[in-house]
1. Consider Leu201 carefully, then state whether it is closer than 24 Å to Thr158 by Cβ and in a helix (DSSP H, G or I).
2. Please find, among Ala155, Ala67, the residue that is within 16 Å of ligand 3 (Cβ to nearest atom) and surrounded by fewer than 14 Cβ atoms within 10 Å (Cβ to Cβ).
3. Can you tell me how many residues in segment 199-249 are small (Gly, Ala, Ser), more than 19 Å from the chain's Cα centre (by Cα) and more than 16 Å from Ser142 (Cβ to Cβ)?
4. With under 20 Å from the mean Cα position of the chain (by Cα), open to solvent by 20 Å² or more (accessible area, probe 1.4 Å) and polar (S, T, N, Q) as the only criterion, which of Thr129, Thr106, Thr98 stands out?
5. Whether any residue in segment 141-157 is among the basic types (Lys, Arg) and touching a residue at least 60 places away in the same chain (Cβ under 8 Å) is what I want to check.
6. Kindly check whether there is at least one residue in segment 177-200 that is of a type in the set (Asp, Glu) and within 28 Å of Thr233 (Cβ to Cβ).
Amino acid sequence: MQSMKQVSEKIFGKNAFKTKVIGDCKTCSKPIIEVSGTYPEFMPSNLAGKVYKSRKCGCEDLALARAAEESHKRMLQKKILHIFEQHSIMNEKQKGSTLAAFEPDTETQQKAFQITKDFIADVTSETPTNVLLSGSYGIGKSHLAAAACHEITKAGKTAIFINVPKLLTKFKSTYRKDSEFTEDQLLHMLETVDALVLDDLGANKATDWTDEMLFQIIDSRQGKATFYTTNLTGKELVQLIGDRNMERIKTDTKVLRVEGRSRRDFIAEKDWGF
Ligand SMILES: Nc1ncnc2c1ncn2[C@@H]1O[C@H](COP(=O)(O)OP(=O)(O)OP(=O)(O)O)[C@@H](O)[C@H]1O
Ligand SMILES: [Mg+2]
Ligand SMILES: [Zn+2]
């Protein structure tokens, strides 16, 4: 088979085009090949006599390789997002939790509502504000966090709502041989999502491993919008997750103790007449 050079020489003559290496490309480190010359007179009039010059290195190949890698990454992210969606990041109730359905009974619930709206508004700003809602059962902490996720995804951004004990279980499952994802891939997802809700922080058993796992997640979220909910007080939470985690959680975070009566009681009253 003839090379392009031979073909071109046959058509244009030996000296019409010169090929030389003019150095190495700083980007791809491959030689830059310059082809230059003058189009012969027998070429169409728009080309004949005109100077031709082109430079080529391995950058095109690199760009292609990069594009393929990016598209693979995006696919994987989509897959992981989908997995989070499927594996009850939210229970059925939370899937339907909206801001509009939230009814503040107390002043702190009203505040929590406002803080949640601010969280949504700032989510992709350069300095997002995190939220930590603490308080007892059934007062709407998870409801607000889930509603925030819905609003954020409606606006075309990404959000993950995940219950912390379930998340830890998910991480454990990545150590299995047949696991679809690695620990790193899950961490990467949690790190790159626009908004992350870590629901029910402190509801997990505390071990060195959970401590370390939480640290990796929380540390990777520094400077990114993160919404925490917990039943524990500050003191209890520190005992469970440690100083190092607590320090990071408190950074750029609006912390609010929410008071209110459990809505679950309301439901029970209706159902059983308590
Ligand atoms: N102020 C409220 N307005 C409307 N619905 C509410 C309100 N508070 C709670 N609910 C509803 O009550 C149920 C329990 O609320 P939610 O799960 O948000 O409680 P929580 O504070 O996260 O409690 P826990 O600490 O047990 O997780 C949900 O179905 C939620 O939609
Ligand atoms: Mg909750
Ligand atoms: Zn190059």
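The values are calculated or read from the model by the stated rules, or taken from the named source; none is laboratory data. The structure displayed is predicted, hence computed values, not measured ones. Positions of Cβ are generated from backbone atoms using ideal geometry, with glycine treated the same way; all protein chains shown enter the neighbour counts. Accessible surface is based on the protein model in full, side chains and every heavy atom, while ligands, DNA and RNA are left aside. Shrake-Rupley method; radii C 1.70, N 1.55, O 1.52, S 1.80 Å.
1. Values: closer than 24 Å to Thr158 by Cβ: yes; in a helix (DSSP H, G or I): no.
When the stated conditions are applied, Leu201 does not pass them.
2. Numbers: Ala155 fails: within 16 Å of ligand 3 (Cβ to nearest atom).
Answer to the check: Ala67.
3. If we filter segment 199-249 for residues that are small (Gly, Ala, Ser), which is where we start, we get 202-203, 206, 220, 223, 225, 234, 242.
From what is left, the residues that are more than 19 Å from the chain's Cα centre (by Cα) are 202-203, 206, 234, 242.
Restricting the remaining residues to those that are more than 16 Å from Ser142 (Cβ to Cβ) gives 206, 234, 242.
Qualifying residue count, segment 199-249: 3.
4. Details: Thr106 fails: under 20 Å from the mean Cα position of the chain (by Cα); Thr98 fails: under 20 Å from the mean Cα position of the chain (by Cα).
Residue meeting the stated conditions: Thr129.
5. Step one: list which residues in segment 141-157 are among the basic types (Lys, Arg), which gives 141, 154, 157.
This time we only want the ones that are touching a residue at least 60 places away in the same chain (Cβ under 8 Å), so: 141.
Yes: one or more hits.
6. Initial filter on segment 177-200 (of a type in the set (Asp, Glu)): 178, 180, 183-184, 191, 194, 199-200.
Remaining after also requiring within 28 Å of Thr233 (Cβ to Cβ): 199-200.
Checking segment 177-200: at least one residue is of a type in the set (Asp, Glu) and within 28 Å of Thr233 (Cβ to Cβ).
Residue by residue, here is whether (1) open to solvent by 40 Å² or more (accessible area, probe 1.4 Å); (2) among the charged types (D, E, K, R); (3) in contact with a Cys (Cβ under 8 Å, 6 or more places away or on another chain) holds:
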position	(1), (2), (3)
Ala112	no, no, no
Gly135	no, no, no
Ile162	no, no, no
His188	yes, no, no
Asp199	no, yes, no
